[in-house]
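Notes follow the structure.
The values are calculated or read from the model by the stated rules, or taken from the named source; none is laboratory data. Quantities reported herein were computed from a predicted structural model and do not represent experimental measurements. Ideal geometry is used to build each Cβ from the backbone, glycine not excepted, and the neighbour counts take in all protein chains shown. For the accessible areas, the whole protein counts, side chains as well, though only heavy atoms, and no ligand, DNA or RNA atoms are used. Shrake-Rupley method; radii C 1.70, N 1.55, O 1.52, S 1.80 Å.
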Amino acid sequence: MSTPLIQIQNLSVAFGADTANAPKAVHDVSFSIAPGEKFALVGESGSGKTVTALSLLRLNQDVRYDGSILFDGKDLLRQSERAMRGVRGNDIAMIFQEPMTALNPLFSIGNQIAEVLRLHEGLGNRAAALRAVELLDHTGIAEPARRANAFPHQLSGGQRQRAMIAMALACRPRLLIADEPTTALDVTIQVQILELLNRLQREENMAVLMISHDLNLVRHFADRVGVMEHGRLIEAAPGAELFDHPREAYTRKLLASHPQRLVEAIDEGAEAAPLIRAAGLRCTFKISRGWLRKENFVAVDNAGLALARGRTLGIVGESGSGKSTLGMALLRLSAANVQGEIDFQGRRLDRLSSAAIRPLRAGMQVVFQDPFASLSPRRTVEQIVGEGLALHQPRLPGGALRAAIVEALRDVGLEADILARYPHAFSGGQRQRIAIARALALKPALLLLDEPTSSLDVSVQQQVLRLLADLQRKYGMSYLFISHDLAVIRAMAHEVMVMQEGKVVERGPVEIVLAQPSHPYTQRLLEASSYGRSAPRPA
């Protein structure tokens, strides 16, 4: 290998006010990255991947660093804060996991990119604005001049990630840190972003440090791979060697952690009355087309479905295909104007007022994609899980209420000793279990699962999926399972419905649709979902 661009030697990181006695999040980690090399760090949540990456830019708060990080012969851990401001964004840039939180909602995309150019390159306002448009165009954003004036909330997930990449590349850094750059994106956008990073890396001859729990994408992308467990780098090897001949048991466990089929096929001869049925659903939003002009945007167009008790219907499609809008409309939670028939347990929801629907909500619950956003940070676990019970069963005695909360927690594999703790004290997988317990406490007949595992690493994802399958068998619940991950749908769903631009383009048993898709769009989704699994790694 050539002379390293950056060399991490015996890096240790300890958090806490008393950092001298605090436990270490990273223990004696050592690795190097050569100019133009693509290096990936993989491991479960809490393994220390992101803490290690943030250490390169000294972005961790309230920490003590030990060891050294050599870049251009200088130890970054010993540099002043003023010197580090010259390194950040200029020599080393970072793409963060969630662009919606990393981008400033009060400034346009173009202004945020131009700010980097003004600070680091000394460009004037006009030159910086023109360069921002060029960067957006370089990262594949359509109509870059118009998108430069857009705010983050006005862009799709894939566009926001491209804007983050444009910002990171503004000063032509020699090292790009990409922290889970494709986690919450659908499969086709994931492929586009990864191919974009590959192209830009070759054109700029950048080194890239990728942090990811998606081993299939890492297999396709990285030249070398390091595996972290409990803050330690336990294995590092060229990509092909590590995936084909892993040395460590933990690495073999990660490679084997992919969704397994967890439900039985439907007996086609067995007729079952639908728990929920919908026909002719049309969901429209009013969108602005200027100061005084608004028009209808059709998010869901003439969709229908039927779901029996104890079964799972998977709903798949790209971002913007209408999956979540359809799910929210079925439960009468959508902000859209909804037309069509919705029948739940023999009641026509589309004909009921909000007040009349409220008592029925105990039978239909939701688990959202991001539990950290959907769980109140000001409430304890006991208050969160007991919220629905207190609302729908207000006369339940205090002892019975707590017993029901403890039962719901134990159903999801958590114990009563966490009742007084708050969401921030838990890992992503534990928070998702708490969110499931909150929904489960009311023993609903229908559970809407909106991307419940998309932000979880592979081993925790499998744990949550197995938990959901066990709960369905135990309580006979029906699941509407929204996901962009076809492997998850293959593991969990009895039937699948494919949506494209608001329309249902294909539906049927999972075994048929995902094995022999008839619609070109479904075929394209399946092709994108297999990216990196069998294709050879690029040189």
*Residue check: is ILE8 under 27 Å from HIS220 (Cβ atoms), hydrophobic (A, V, I, L, M, F, W, C), open to solvent by less than 40 Å² (accessible area, probe 1.4 Å) and in contact with a Gly (Cβ under 8 Å, 6 or more places away or on another chain)?*
yes
*Could you check, for region 265-288, whether at least one of its residues is open to solvent by 40 Å² or more (accessible area, probe 1.4 Å), touching a Ser or Thr at 6+ places or on another chain (Cβ under 6 Å) and at pLDDT 85 or above?*
no
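Matching residues to (1) in contact with a strand residue (DSSP E or B) (Cβ under 9 Å, 6 or more places away or on another chain); (2) among the aliphatic types (A, V, I, L, M):
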residue: LEU375; (1), (2): no, yes
residue: GLY386; (1), (2): no, no
residue: PHE426; (1), (2): no, no
residue: GLN430; (1), (2): no, no
residue: ALA435; (1), (2): yes, yes
residue: ASP450; (1), (2): yes, no
residue: LEU456; (1), (2): no, yes
_Could you go through region 505-515 and let me know if any residue there is β-branched (Val, Ile, Thr), touching a Lys or Arg at 6+ places or on another chain (Cβ under 9 Å) and outside any loop (DSSP other than H, G, I, E, B)._
yes
*How many residues does region 333-360 contain that are within 15 Å of ALA445 (Cβ to Cβ) and either in contact with a Cys (Cβ under 9 Å, 6 or more places away or on another chain) or free of Cβ contacts under 8 Å to residues at least 40 places away in the same chain (or both)?*
6
*Sole exception among (1) modelled with pLDDT under 95; (2) hydrophobic (A, V, I, L, M, F, W, C); (3) within 24 Å of PHE297 (Cβ to Cβ) for MET497, by number*: (1)
*Selection from region 314-347 of residues that are within 23 Å of PRO509 (Cα to Cα) and in a strand (DSSP E or B)*: GLY314, ILE315, VAL316, ILE342, ASP343, PHE344
_I need the full set of residues from region 63-79 which are outside any strand (DSSP E or B) and acidic (Asp, Glu), in order please._
ASP72
*State which residue pairs qualify: first residue more than 18 Å from LEU480 (Cβ to Cβ) and open to solvent by 40 Å² or more (accessible area, probe 1.4 Å) and inside region 365-381, second residue part of a loop (DSSP other than H, G, I, E, B) and at pLDDT 80 or above in any location, beta carbons under 7 Å apart, and separation of 6 or more residues or different chains.*
PRO377/TYR422
*Here are some conditions: (1) out of contact with any Lys or Arg (no Cβ under 9 Å at 6 or more places or on another chain); (2) outside any helix (DSSP H, G or I); (3) open to solvent by 30 Å² or more (accessible area, probe 1.4 Å). ASN60 meets all but one. Which one does it not meet?*
(3)
*Restrict the check to region 469-490 and report whether at least one residue is in a loop (DSSP other than H, G, I, E, B) and more than 15 Å from the chain's Cα centre (by Cα).*
yes
_Considering only residues that are of a type in the set (A, V, I, L, M, F, W, C), over 21 Å from ARG202 (Cβ atoms) and not in a loop (DSSP other than H, G, I, E, B), which ones fall in region 123-162?_
ALA127, ALA128, ALA129, LEU130, ALA132, VAL133, ALA145
